[in-house]
Amino acid sequence: MSKPEPQPPSTSNFIRQIVDEDLRTGKYAGRKWGGRPGTAAEHAQGASDPARIRTRFPPEPNGYLHIGHAKSICLNFGLAREYGGLCHLRFDDTNPTKEEQEYVDSILDAVKWLGFDWGEHLYYASDYFERLYAFAEHLVERGLAYVDSQSADEMRARRGTLTEAGKASPHRDRPVAENLDLLRRMRAGEFPDGAHVLRAKIDMASPNINLRDPAMYRIRHADHHRTGGAWCIYPTYDWAHGTSDALENITHSICTLEFEDHRPLYNWFNERLAEGGLLNAPLPQQIEFARLNLTYVVLSKRKLIQLVDELHVDGWDDPRMPTLVGARRRGYTPEGFRLFAERIGVAKADSWIDYSVLEDCMREDLNERAERRMAVLDPLKLVIENYPEDREELCEVPNHPQQPELGRRPVPFARELWIEREDFVEEPPKGYFRLSPGAEVRLRYAYVVKCVGVEKDREGNVVAIRCRYDPDTKSGTPGADRKKVKGNIHWVSARHAHRAEVRLYDRLFTVEHPGAGDRDFRVDLNPESKRVIAAYLEPATAQAVPEERFQFERHGYFVADLRDSHPGAPVFNRAVTLRDTWAKGGAKR
């Protein structure tokens, strides 16, 4: 496999064009600090924000990140890096009943693993709870928010439809003083969950349902993973998200297309606060892009939870899962993900990306970084009759055929070897150049051998083949290539082999669009997505450390499992095969 050419930056990233124009016009030049974020060194430079652009990656800490998030991470951190700006990592932790520190820790690890650093700019929406509450009182005082005492069902019934305007709440015109009193008592914990809701007063007849007096605060008597029991009212995502962006001086708030209809609300909140002198202009601009739609996977959190809870997979970090923790255990690389994100580009319109594109990016990266090793996954014994039983020798083998600077390693050779079962056929078809009775092949990096016999068990199964070797054909010695043979097979010395558990992972689903239509997505699960075998590997692999990656020659790219490998006893996972073996249209391997 030849060295891949460097990939030029994608030309499909329309967001770059927006950033270029904003920088050209100086849209964000001379911004003043809008909130508490910013290091002491940055504040020491003066009241202006020194960053050219500021983006953010704002996950909710209520689950594990998946491959779709990798695209957003690469986009937000990549743009900031490209333009000499900053990218914040902010947890939008506004729902205490679904958020856990476990998820926070896993997200921090995932972003670091992908190769990005937020430096001192790690924030939480909960950092701003006091500010958000003060902002809410400000809107109430201006008559732009009110406390609604309807039940959730009553509010839903009055919300209207896409073709029918909503109906105003009977509490919409409560006096300001009464609204303030109720809001403060909500915060003080006087009311049970669901008794009241703080809503923005916008337009119940708006064709955009998101503007029909959306909720800002709900009562929820639940401890928060960071603030404990300090709060019993929590801001909604729409209220907290855009305001947090403005407080952090975010310039470009990049999100997926499902938030396009929320943009007017994002702007409404920030503009009302800026009018009141609570936020500084220019305000952040929300830009939507198409989320990652990838074939052969499901990214729905509900469906992923179902896979885990129903034991279709072995947890969130199962190497078949589309989570980043799963991809990492699978052997996928951060560099491969960054290449994938750049290759697919950023578009405004939804489209599907074939899973093979991601696999190809991983192959390209692994081809460069993975040293080669020999491994026999389906062993068949080969005995060299004319090789002395007590003799063994070392064959010098390159660690990487395209990178001689990585050196060579010694691989032991002896009378009895393991070869792949598929490398011997008693009655070979036309064009078969491996071992068969009377045929000659080269044992890779070693000698030319000729098959002179076969051993079978009582059922007629081949259990060993017997060969004779030509001692003048050892690879790397003068005249070794005088005997020309078409076949070349790999091997492992039976005496020296390291026996290891190898997990052959494949795609989790057998069709491009699992669960398409009304079909249960679980019927599309691939029963052959995981196969565990005992394989024979060259002895050097016994010292592999977790996450060390190799190309097992002729088989694909493998990684020592991050969780189950132990010193001297690595477990290997197949990351990806050497080439795409899934036919167009969803045919299985």
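The values are calculated or read from the model by the stated rules, or taken from the named source; none is laboratory data. Remember, it's a predicted structure, so these values are computed and weren't measured experimentally. Note: ideal-geometry Cβ built from the backbone for every residue, glycine included; neighbour counts use all protein chains shown. Side chains included, ligands, DNA and RNA excluded: accessible areas come from the protein's heavy atoms. Shrake-Rupley method; radii C 1.70, N 1.55, O 1.52, S 1.80 Å.
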Select from region 172-182 the residues that are closer than 21 Å to Asp153 by Cα and open to solvent by less than 50 Å² (accessible area, probe 1.4 Å) and list them in ascending order.
Arg172, Arg174, Leu182
Would it be correct to say that Asp109 is more than 19 Å from His252 (Cα to Cα), buried (at least 17 other Cβ atoms within 10 Å of the Cβ), out of contact with any Leu (no Cβ under 6 Å at 6 or more places or on another chain) and at pLDDT 95 or above?
no
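Residues checked against (1) touching a residue at least 12 places away in the same chain (Cβ under 8 Å); (2) assigned to a loop (DSSP other than H, G, I, E, B); (3) on the phi > 0 side of the Ramachandran plot:
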{"residue": "Leu89", "(1), (2), (3)": "yes, no, no"}
{"residue": "Lys98", "(1), (2), (3)": "yes, yes, no"}
{"residue": "Tyr103", "(1), (2), (3)": "yes, no, no"}
{"residue": "Leu108", "(1), (2), (3)": "yes, no, no"}
{"residue": "Val111", "(1), (2), (3)": "yes, no, no"}
{"residue": "Gly119", "(1), (2), (3)": "yes, yes, yes"}
{"residue": "Ser126", "(1), (2), (3)": "yes, no, no"}
{"residue": "Ala136", "(1), (2), (3)": "yes, no, no"}
{"residue": "Val140", "(1), (2), (3)": "yes, no, no"}
List the pairs whose first member sits in region 243-267 and is within 26 Å of Ser300 (Cα to Cα) and in contact (Cβ under 8 Å) with a residue 40 or more places away in the chain, whose second member is charged (D, E, K, R) and surrounded by fewer than 18 Cβ atoms within 10 Å (Cβ to Cβ), and whose Cβ atoms are under 6 Å apart, counting only residues at least 6 apart or on separate chains?
Thr256/Arg291
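Filter region 401-434 for residues that are in a loop (DSSP other than H, G, I, E, B) and acidic (Asp, Glu) and give the result.
Listed by number, the residues that qualify are Glu426, Glu427.
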Can you tell which of Leu89, Leu75 is touching a helix residue (DSSP H, G or I) at 6+ places or on another chain (Cβ under 9 Å) and over 13 Å from Tyr123 (Cβ atoms)?
Leu75
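Report the residue count in region 419-432 for those that are surrounded by fewer than 16 Cβ atoms within 10 Å (Cβ to Cβ) and of a type in the set (Phe, Trp, Tyr).
Summing the residues that are surrounded by fewer than 16 Cβ atoms within 10 Å (Cβ to Cβ) and of a type in the set (Phe, Trp, Tyr) in region 419-432 gives 1.
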The residue that is surrounded by the fewest Cβ atoms within 10 Å (Cβ to Cβ), considering only those in region 368-391 that are charged (D, E, K, R) and out of contact with any strand residue (DSSP E or B) (no Cβ under 8 Å at 6 or more places or on another chain), is Asp390
Just to be sure, is Ile287 in a strand (DSSP E or B) and aliphatic (A, V, I, L, M)?
yes
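Results for (1) open to solvent by less than 40 Å² (accessible area, probe 1.4 Å); (2) in a strand (DSSP E or B); (3) within 30 Å of Phe521 (Cβ to Cβ), shown as yes or no for each residue.
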{"residue": "Ala222", "(1), (2), (3)": "yes, no, no"}
{"residue": "Arg226", "(1), (2), (3)": "no, no, no"}
{"residue": "Tyr234", "(1), (2), (3)": "yes, yes, no"}
{"residue": "Ser253", "(1), (2), (3)": "yes, yes, no"}
{"residue": "Glu258", "(1), (2), (3)": "no, no, yes"}
{"residue": "Arg263", "(1), (2), (3)": "no, no, no"}
{"residue": "Asn270", "(1), (2), (3)": "yes, no, no"}
{"residue": "Ala281", "(1), (2), (3)": "no, no, no"}
{"residue": "Arg291", "(1), (2), (3)": "no, no, yes"}
Tally, over region 205-220, of residues that are assigned to a loop (DSSP other than H, G, I, E, B) and open to solvent by 30 Å² or more (accessible area, probe 1.4 Å):
4
Hey, among Asp203, Asp223, which residue is of a type in the set (Asp, Glu) and under 21 Å from Asn270 (Cβ atoms)?
Asp203
Go over the candidates Ser169, Ser149 one by one and state the one that is open to solvent by 30 Å² or more (accessible area, probe 1.4 Å), of a type in the set (Ser, Thr, Tyr) and modelled with pLDDT of 95 or more.
Ser149
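Scan region 188-204 for residues that are within 39 Å of the chain's Cα centre (by Cα) and surrounded by fewer than 18 Cβ atoms within 10 Å (Cβ to Cβ) and report the count.
2
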Any residue in region 543-560 that is of a type in the set (Val, Ile, Thr) sitting within a Cβ distance under 8 Å of a residue that is part of a loop (DSSP other than H, G, I, E, B) and surrounded by 17 or more Cβ atoms within 10 Å (Cβ to Cβ)? List the pairs, counting only those 6 or more apart or interchain.
Val545/Ser565; Val545/Pro570; Val559/Gly331; Val559/Glu548
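Hey, does region 249-265 have a residue that's over 30 Å from Phe337 (Cβ atoms) and at pLDDT 95 or above?
yes
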Among residues belonging to region 330-362 that are open to solvent by less than 10 Å² (accessible area, probe 1.4 Å) and not hydrophobic (A, V, I, L, M, F, W, C), point out the one that is nearest to Val511 (Cα to Cα).
Glu359
Just one of (1) open to solvent by less than 30 Å² (accessible area, probe 1.4 Å); (2) not in a loop (DSSP other than H, G, I, E, B) trips up Ala157, so point out which.
(1)
Return the total of residues in region 446-481 being out of contact with any helix residue (DSSP H, G or I) (no Cβ under 8 Å at 6 or more places or on another chain) and assigned to a loop (DSSP other than H, G, I, E, B).
10
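Would you check if there is a residue in region 69-82 being open to solvent by 30 Å² or more (accessible area, probe 1.4 Å), within 14 Å of the chain's Cα centre (by Cα), in contact (Cβ under 8 Å) with a residue 24 or more places away in the chain and on the phi < 0 side of the Ramachandran plot?
yes
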Say whether the condition of being surrounded by 16 or more Cβ atoms within 10 Å (Cβ to Cβ), out of contact with any helix residue (DSSP H, G or I) (no Cβ under 9 Å at 6 or more places or on another chain), over 16 Å from Leu380 (Cα atoms) and touching a residue at least 40 places away in the same chain (Cβ under 8 Å) is met by at least one residue in region 493-501.
yes
Within region 392-418, considering residues that are over 11 Å from Arg495 (Cα atoms) and of a type in the set (Lys, Arg), the one surrounded by the fewest Cβ atoms within 10 Å (Cβ to Cβ)
Arg408
